[in-house]
Every structure is written in C-alpha cells, then in structure tokens.
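The values are calculated or read from the model by the stated rules, or taken from the named source; none is laboratory data. Everything numeric in this text was worked out from a predicted model, so none of it was measured. Cβ placement follows ideal geometry from the backbone for every residue including glycine, while neighbour counts extend to all protein chains displayed.
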Amino acid sequence: MAQAGTISLPGPVVVRSPNWLGDAVMALPAIRNLRRFLPPETHLAVAAPEKLAALWDACPFVDEIVELEKPKNIPAVAEMYKEGDYKTAILLPNSLRVAGEALAAGIPNTVAYPGHKRRWLITHLIEPAPYDPHRQHQKHFYLDLISALGAEADASCPEMLIPATFDPIDLPEQPYLVLCPGAEYGPAKRWPAARYAEVARDLQKKRQAQVLIVGAKVDIEIAQEVENAVPDAVNLAGKTSLEQLMRLLAGARVVLSNDSGAMHLASALGTRVVAIFGSTEDKLTGPIGPADRNAIHRYHVPCSPCFLRDCPLDFACMEKVTAEAVAASALDLWDDDSPANNVLLDWPYRRGHFPFHRRSKTIGPRRVISRAA
C-alpha cells in the first residue's frame, strides 16, 4: 500500500472515468484537485465512454478526452492508451476489467483502490479511507483516492464551461422548468408521473413556466405520461444529445428530478434543483452543486434506502413525498435570483487561454485530441 504523497506521477497521466453519468459528475471535484496537484506541464487526459465525452469536454481542467466507443472491449481501450503513450493511469472504477485495460496497454504506473480481485494488477494501491460518517458521499470515494497522492481535499463543485461548439438546441425565451421523471437504474427511483405533472401545472399557473421534459430513450414512456397530463409541455425525452442536454439544463430556472444522472449534471452546472430520493440515499449520492440551490425531498421508511430496482412492498418512500411539498420547494427556488457562479455558457475557445478539443475519427474507439490553438 502506498503512503500519502509518496507516489510519483510521471506524465502523460490518464484518468479512467466512471461509466455512469451521475458517478462521473461526482468525480469532478477529484479530477479538478488532481489538475491543481500535477505540475502545469503534465498532460492530463480522461478516458470515458463515448456517451460521457461531452461532460469532460466542459471541464477546463482536462487537457484531453479519450473517447471510448467500446468501453467494455479491453483490447480496443488498450490500443487507445498506447496511442497516448501514458505513463500513469488513475482508475476510478473498481472493476477488474478497467485494471486489465491499463495492464494490456503497458502503462507502467497504475493508481487505484484494490477493487474487485485486481490488487495484483495495480502498481500503487490506495486502501480506502476508514469510515467517516461525515464523508459518506460518493464524491469522497474519488476525492480520497486523489488526496492520497498529496492533492488537496476540496469537495466543492468545479467550474464548468459549455463550449460554443456544443450541439445547438432551441431554448424557450421565457423561464422554463425541466422535468426529469426517469431513472435508468429502475422504477424504485422514480417518483410517480402524476406527481410530476401536478407540480408542473402548479408552476405553469403560478409562474407561467414553460415546461420541458427530458430523459433517455428508456424514459420515453414515463415522459409521455407526464406530457399527456401537462398542457403545452414539450417532450424531448430520447431526442437530445448530452451536449444539448447540458445546454438545456444550464439554462433552466429550476430542474425537478429523481436521483439520476440528469440531477447530478444540473446541479454541477449550477442550476436550481429539486431532487427526490426514495430507494437511494441523498447522504450518499446527493447533488454536488451549491447547497443553497438544491432542495432534497426524502421520506424515510424502515426499509429505505433499499437500493433495489423495483419496490417489493408499497413504495411508501416515494408515495409519501407529496406534490404540494415539492411544488413549494420549486417555487422557492424559482423566486431565488442569485446567479450561478460555476458555469459559463457558450464559452469561446481563445488563443493562449485554453487548449481546444478536436475530434478525430479512427478505426474503433474515437479520440478527442487537444491541441493548442
């Protein structure tokens, strides 16, 4: 086991991103801290599934994004690593496969937690920190790994910069409410569609809010349920890229969401978020954005958090969260005029200020290569 501050990190350095959007967002503070810790001349790349590339593209502290079209294909990922000639790999996921990618690429230095049966594959093991009731949140899992290298433990949400090159999307001229009624993990994380619709109608009546519904393709059915119950709602579920979703969430007055990737993303972008938790626990995976811009609704029952995909009982943890209480929180946040301070929309890439990312198609996985302007 390596001791804190004793590990050498020769560059270039590549960080293997988590594979889920919410987990990747919760890793942002750690990677920002890593950038601060590394010498300015050390090249910092993030290897991420193709679907998450836009998230890392909006991070000014990342020099390069290695965009993986086949993130579960060890030889394909290893080839991408070989192209970058990385000397150090920091592995955030706990899987054996992720360690195998770095090994197959011949990266001489790997930094990671022991994870699942992979201790023998890691050159610099970091043992998980002792249990601390004040550091249960998932972001600390990533922060502690980076802090063990000697980096600071700043848990604040980093600044996000949405490039002008992101996919365009037409946004409403009037203030709008975004509903995120889905949750890819399963139905146990989804507040009833009828409650979403009730809150939306209340904000339409009291604040003349335009209502937009978003989600992945798997969320189309529940999004349709909400749309059918909300007059003039615009249903964009399954129709937006991650780049467009980021633009949309960053411009929203309020976002109402279950515990999902969209919730984490909206909060990281500095948007006001009303988050509803049922089968999961906000102390573990709550939004990481500014606390005064988040309102969390959580009804504790004896069986929660169960972390199940489907509720085998009466779904009380969600049913007890009332539309009236959620609407009240949404109205309070709607009327808050304090500006977001951690996102810049349509940020132009400027010569001498920050490298720009150019996407280059290759056979197999794609790579987003950064070059100085």
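Counting only residues that are aliphatic (A, V, I, L, M) and surrounded by 23 or more Cβ atoms within 10 Å (Cβ to Cβ), which one in segment 5-20 is nearest to residue 92 (Cα to Cα)?
15
Could you please find all residues in segment 122-140 being in contact (Cβ under 8 Å) with a residue 40 or more places away in the chain and in contact with a helix residue (DSSP H, G or I) (Cβ under 8 Å, 6 or more places away or on another chain)?
Correct list: 125, 126, 136, 137, 138, 139.
Could you please tell me which pairs satisfy a Cβ distance under 8 Å, a separation of 6+ or placement on different chains, a first residue in segment 262-277 that is under 15 Å from residue 297 (Cα atoms), and a second residue that is assigned to a loop (DSSP other than H, G, I, E, B) and among the acidic types (Asp, Glu)?
Here the result reads 272/336; 275/259; 276/259; 277/259, each pair linking segment 262-277 to a residue that is assigned to a loop (DSSP other than H, G, I, E, B) and among the acidic types (Asp, Glu).
Restricting to segment 28-48, and then to whatever is in contact with an Asp or Glu (Cβ under 6 Å, 6 or more places away or on another chain) and farther than 14 Å from residue 151 by Cβ, can you tell me which residue is surrounded by the most Cβ atoms within 10 Å (Cβ to Cβ)?
Within segment 28-48, the match that is surrounded by the most Cβ atoms within 10 Å (Cβ to Cβ) is 45.
Out of the residues in segment 3-14 that are closer than 20 Å to residue 129 by Cα and either touching a helix residue (DSSP H, G or I) at 6+ places or on another chain (Cβ under 6 Å) or of a type in the set (A, V, I, L, M, F, W, C) (or both), which is modelled with the highest pLDDT?
7
May I ask you to verify whether residue 359 is assigned to a strand (DSSP E or B), charged (D, E, K, R) and modelled with pLDDT under 75?
yes
Of all residues in segment 166-197, how many are modelled with pLDDT of 90 or more, among the small types (Gly, Ala, Ser) and over 17 Å from residue 238 (Cβ atoms)?
Total meeting the criteria: 2.
Checking the structure you have, find out if any residue of segment 207-217 is in a loop (DSSP other than H, G, I, E, B), touching a residue at least 60 places away in the same chain (Cβ under 8 Å) and not β-branched (Val, Ile, Thr).
Yes: one or more hits.
Name the single residue, out of those in segment 293-335 being within 30 Å of residue 156 (Cβ to Cβ) and at pLDDT below 90, that is surrounded by the most Cβ atoms within 10 Å (Cβ to Cβ).
317
Of all residues in segment 265-292 being of a type in the set (D, E, K, R) and modelled with pLDDT of 85 or more, which is surrounded by the fewest Cβ atoms within 10 Å (Cβ to Cβ)?
292
Check segment 101-117 and report whether any residue there is modelled with pLDDT under 95, closer than 30 Å to residue 281 by Cα and of a type in the set (D, E, K, R).
Yes: one or more hits.
I'd like to know if segment 203-216 contains one or more residues that are surrounded by 19 or more Cβ atoms within 10 Å (Cβ to Cβ) and farther than 23 Å from residue 238 by Cβ.
Yes.
Can you name every residue in segment 95-117 that is over 25 Å from residue 42 (Cβ atoms) and part of a loop (DSSP other than H, G, I, E, B)?
Listed by number, the residues that qualify are 95, 114, 116, 117.
Hand me the list of helices (runs of 4 or more DSSP H) wholly inside segment 222-305 holding 1 or more residues that are of a type in the set (Lys, Arg) and at negative phi.
In segment 222-305, 242-251, 282-285 are the helices (runs of 4 or more DSSP H) which contain 1 or more residues that are of a type in the set (Lys, Arg) and at negative phi.
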